[in-house]
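Heads up: the structure comes next, in structure tokens.
The values are calculated or read from the model by the stated rules, or taken from the named source; none is laboratory data. Just so it is clear, the structure is predicted and the values come from calculations on it, not from any experiment. Neighbour counts are summed over all protein chains in view; Cβ atoms, including those assigned to glycine, are modelled from backbone coordinates with ideal geometry.
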Amino acid sequence: MRSPTLKTVLLLAVILQGCLAGLACDREGRWSEAWEEKFESFQPSGTIMDILGIEPGMTVGEIGAGNGRFAVRVAARVGASGRVYANDIDPKAIRFMERRCRKDGIANMTVIRSREDEPGFPAGALDLVYLINTYDELSDPVTLLRNTRPGLNPAGRLAVIVYDPEKLKDHHGHAVPGDVVIDQCSRAGFTLTRLDTTLLWDNIYIFEQTEE
């Protein structure tokens, strides 16, 4: 991916700071196509899916999918032979994603109403579970992630995409230090296998399940 110019970085910083500060973030605006494209400019789905190794035929879960921006793109990548389980605790998000799947004819995405400590994924089904723009909002990440393990198959992995406070100084509490992510995931039963730092403001942490 080509390195962003200084002008581009400054423009994206303005966009992101407005988002993090809650400026013009009404529900309709935050979930519009234009808003999604702003996030795609610094969190490119295709690049992230390549890093995560998402391929056709995989079964993938997202924790805290929101409006489904990333989940629907994963659904397109895994194709008809794969499946995406997208969860959220917000009933408005659930209704939005369900309408989106009906409107866009997305047949390989299952929307799940989850709880703060229970993701609700089917047992032993998932090749990968990921979180993007969600980790900083978890009330008890260790318990939630520990309860994610039963949904993974024996080779299933966990990925966390989260803002790095060293890259994004004015993050308004929406960034998580790497040592915190690694420690919490370790206590939940995961071992870090890869850390990718190539995104503009995010880091990508990829974990495998710790043998018990």
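Annotations
- Index of the failed condition, THR197 passing every other in (1) of a type in the set (S, T, N, Q); (2) closer than 24 Å to LYS38 by Cα; (3) surrounded by 18 or more Cβ atoms within 10 Å (Cβ to Cβ): (3)
- Candidates THR198, THR134, THR148 - the one that is touching a helix residue (DSSP H, G or I) at 6+ places or on another chain (Cβ under 9 Å) and closer than 27 Å to ARG77 by Cα: THR198
- Of all the listed residues (LYS103, LYS92), the sole one being farther than 25 Å from ALA188 by Cβ, surrounded by fewer than 14 Cβ atoms within 10 Å (Cβ to Cβ) and touching a residue at least 40 places away in the same chain (Cβ under 8 Å) is LYS92.
- Residue check for ASP164: closer than 15 Å to ASP136 by Cβ and either modelled with pLDDT under 95 or not hydrophobic (A, V, I, L, M, F, W, C) (or both): yes
- Leading residue by the ranking (surrounded by the fewest Cβ atoms within 10 Å (Cβ to Cβ)) among those in the range 158-188 that are free of Cβ contacts under 8 Å to residues at least 40 places away in the same chain and small (Gly, Ala, Ser): GLY173
- When every residue of the range 111-122 is checked against the conditions, none turns out to be within 14 Å of the chain's Cα centre (by Cα) and closer than 22 Å to THR47 by Cβ.
- Pairs meeting the criteria (first residue in the range 189-205 and over 16 Å from SER41 (Cα atoms) and charged (D, E, K, R), second residue modelled with pLDDT of 95 or more and in a strand (DSSP E or B), beta carbons under 6 Å, at least 6 apart or on different chains) are ARG194/ILE206; ASP196/ILE204.
- Filter pass, ALA159 being touching a helix residue (DSSP H, G or I) at 6+ places or on another chain (Cβ under 9 Å) and either part of a strand (DSSP E or B) or over 24 Å from TYR85 (Cβ atoms) (or both): yes
- Scope the range 106-131; condition of a type outside the set (A, V, I, L, M, F, W, C), surrounded by fewer than 21 Cβ atoms within 10 Å (Cβ to Cβ) and more than 16 Å from VAL74 (Cα to Cα); matching residues: ARG113, ARG115, GLU116, ASP117, GLU118, GLY120, PRO122, GLY124
One line per residue, one yes/no per condition, for (1) within 21 Å of MET49 (Cβ to Cβ); (2) modelled with pLDDT under 95; (3) part of a helix (DSSP H, G or I):
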residue: ARG95; (1), (2), (3): no, no, yes
residue: LYS103; (1), (2), (3): no, no, yes
residue: GLY120; (1), (2), (3): no, no, no
residue: GLY124; (1), (2), (3): no, no, no
residue: VAL129; (1), (2), (3): yes, no, no
residue: ASN153; (1), (2), (3): yes, no, no
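- The residue that is farthest from ARG194 (Cα to Cα), counting only those in the range 131-151 that are in a helix (DSSP H, G or I) and touching a residue at least 60 places away in the same chain (Cβ under 8 Å), is GLU137.
- ALA65 in a loop (DSSP other than H, G, I, E, B), under 16 Å from TYR130 (Cβ atoms) and at pLDDT 95 or above: yes
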